[in-house]
Amino acid sequence: SQRLSFLINDLLDMEKLLAGKMSFNCSTKAALPLVQQALTENSSYADKYSVKFVLRDESGDACIHVDEFRLQQVLNNFLSNAAKYSPQFATVEIDLTRQGDWVRISVRDHGPGISNEFKARMFQKFSQADSSDSRQKGGTGLGLAISKELVERMGGHIGFESELGQGTCFFAEFKCVAI
């Protein structure tokens, strides 16, 4: 019943996004506390998969203009995927960096990576690289599609880098805001 509840919530979020009916409450926030909050909220998930989250902040106290709740949805997706697909006792690296006028939040795992055949479908609804493996790991195949919509609606960019056998890095970038 819990998996069904997750699926229903994901479907409702996707429909609201596509219909333009999801509300956003954007404000200027320091990026580091937002990332730290996501790590705290997902620490038990990391424990469940016996992985460790490690944060490196090189953002220089950067601020971003985002909806705090929606950003947490994106980071929760990145972190839960990284924990699920990492080998046991691995480290998931979270980097917060400034790149010109942008702040990048990246989450890197050391899992199996993503095949070249699947990369083009990464942010499509219901996409799962290996549906049998995804069923073992759980998930609806909507998390990254929802994350893409959320990041773009907040004026950001989303992407990933992956190499088979070397892991995957998902990232979201937002314009740095002066306060």
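Things worth noting here:
- Under 5 Å from the amide H of Leu55 lie the amide H atoms of Ile94, each residue being 5 or more positions distant or on a separate chain, with H modelled from the backbone and absent for Pro and chain starts.
- Under 5 Å, built H, 5+ apart or other chain: amide partners of Ala90: Lys52
- J(HN,Hα) series, region 74-80, from Karplus relation 6.51 cos²θ - 1.76 cosθ + 1.60, nearest Hz, glycine and proline x: 5, 5, 4, 5, 4, 5, 5
- In sequence order, region 149-161 has phi-based couplings of 4, 5, 4, 5, 5, 8, x, x, 10, 10, x, 7, 10 Hz under the Karplus curve 6.51 cos²θ - 1.76 cosθ + 1.60, θ = phi - 60°, and Gly or Pro positions carry x.
Where a number appears in this text, it was derived from the coordinates with a stated rule and is not lab data. Computed from a predicted model, the values in this text were never measured in an experiment.
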